[in-house]
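All of the numbers you see were taken from the coordinates with simple rules; none came from a lab. Just so you know, these numbers come straight off a predicted model, no measurement behind them. Cβ placement follows ideal geometry from the backbone for every residue including glycine, while neighbour counts extend to all protein chains displayed.
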Amino acid sequence: MVRVCVIGCGYWGPNLVRNFCSANGKRMVVCADLKKERRDFMKERFPGVKVVSDWGKLLSDGAIDAVAIATPVSTHYQFAREAIEAGKHVLIEKPMTATIKEARELCSLARERNVVLMVDHTFIYTGAVRKMKEIIASGELGDVLYFDSVRVNLGLFQHDTNVVWDLAPHDLSIMDYLLETRPTSLSATGVDHTGSGFEDVAYVAVNFPNNLIAHFHVNWLSPVKVRQILIGGSKKMMIFNDLDPDEKIKVYDKGIEVATREGAYEMLVGYRTGDIYIPHLDRTEALANVARHFINCIERGEKPLTSGEDGLRVVSMLCAAQRSISEGGRKVDLWD
């Protein structure tokens, strides 16, 4: 059995503890937080789970096999580095780190120490996104032409990061998982309307080879909450609406057919409209899949579905978007 220590018991930490308890047993979970009120909360909610204030003492504890980090992104690198150097397997919340350099160092260190480094890109473990991957991989959509994402709501404003780093990691990780082709560059624009120094509305355009394009709209100032991805293919199109409890994915047999009239220069565009279908989805909680997958990777010595390298690519895109915003929307090459 793998004994896991969850660091950080704020918003997400209790969810991790709950799922690790279900997957591995309460006695195999420890949690740590500096705040007494959070420790008291965890003791009351999870009887039987050991709760500590100083996680550093657990580094030398041979009974602890793995660490799950659910703290602010600015602390991810230090916590993860200390854990990996102590020979612990590591699960990190998104985004993986605050800089590309930090992400690269963690990937390198994990390989050197032969430990599992996994990033909790939770949406990759949902039945909906896994089904989308299956549909795209089958060729049913044809060639993917575009990926369009909207993730907007009113708040919650963050005190230490902007809307891109807060919301875009979800959809960037989904795009990275679904599309086999790697992007080449991106450009982004964003605006701070509150004077906080952090953009609250932003748009990110990601460029790929062969005219494939992706666009992301993230916004803390929307009057309505929208969580939607539209993927257009040469054969069919697909919509993912995460707020729809029953019909999260719809596949449309719609598209265009382009032809040229013989002896003429004008282009003729025809429209095709067919059936719509709603695929059946696995309803297992995504975080339960995350916890089980992390434990399985440790026990079997396997590479995670959302590895450190996957986290690095998302961090690279986030950093490039931030750079583009600061430079007035200039196109930034990726993977330099």
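Within the set Lys225/Lys250; Lys43/Lys303; Lys101/Lys303, which residue pairs have Cα atoms separated by over 24 Å? From the list (Lys225/Lys250; Lys43/Lys303; Lys101/Lys303), the Cα-Cα distance tops 24 Å for Lys43/Lys303. Exposed loop sites here are trypsin sites (Lys or Arg not before Pro) assigned a DSSP state other than H, G, I, E or B and surrounded by at most 15 other beta carbons within 10 Å; excluding them, the longest clear run of the chain is 36-234.
Taking every alpha-carbon pair under 8 Å whose residues sit at least 6 apart, the chain reaches a relative contact order of 19 percent.
If you place +1 on the Cβ of every Lys and Arg and -1 on the Cβ of every Asp and Glu, how big does the dipole about the Cα centre of segment 115-256 come out, in debye to the nearest 20? Walk me through the numbers on the way to the answer.
On the way: 12 positive and 18 negative charges, 83 e Å.
Charge dipole of segment 115-256: 400 debye, to the nearest 20.
With Cα atoms as the point set, segment 64-217 shows a radius of gyration and Dmax of 17.3, 48 Å.
Each DSSP beta bridge with both residues in the chain is either parallel or antiparallel, and the antiparallel ones are about 65%. Each of Lys235 and Trp335 was given a label point 7 Å from its Cα along the Cα-to-Cβ line. The distance between the two points is 2.7 nm. Across the chain, the convex hull enclosing all Cα atoms gives 163 Å³ per residue.
3J(HN,Hα) couplings calculated from phi for segment 110-118 with the Karplus curve 6.51 cos²θ - 1.76 cosθ + 1.60 (θ = phi - 60°) are, in sequence order, 5, 5, 4, 8, 6, 10, 6, 10, 10 Hz; Gly and Pro show x.
Over all directions, the projected convex hull of the C-alpha atoms in segment 293-334 averages 3.4 nm² in area. Work out which GluC sites (Glu not before Pro) in the chain are exposed loop sites (DSSP not H, G, I, E or B, at most 15 other Cβ within 10 Å) and give the longest gap free of them. Within the chain, the longest run free of exposed GluC sites (Glu not before Pro) spans 1-139. A full extension of the chain between Lys250 and Arg323 corresponds to an added length of 22.7 nm, given 0.36 nm per residue minus the alpha carbon distance.
Projecting the Cα positions of Val163, Val226, Ile249 onto the charge dipole of segment 110-265 (unit charges on Cβ atoms of Lys, Arg, Asp and Glu, taken about the Cα centre) puts Ile249 furthest along the positive direction.
Length gained on full extension, Glu44 to Leu59: 2.9 nm, using 0.36 nm per residue less the C-alpha separation. Here the simple spin-label model places points 7 Å from the Cα toward Cβ, and for Asp148 and Thr75 these points are separated by 4.1 nm. Each Lys and Arg Cβ is given +1 and each Asp and Glu Cβ -1; about its Cα centre, segment 65-111 then shows a dipole of about 160 debye. Note on segment 1-21 and segment 182-200: Cα centroid distance 32 Å, given to the nearest whole angstrom.
This model, with +1 at the C-beta of Lys and Arg and -1 at the C-beta of Asp and Glu, gives segment 144-188 a dipole about its Cα centre of some 60 debye.
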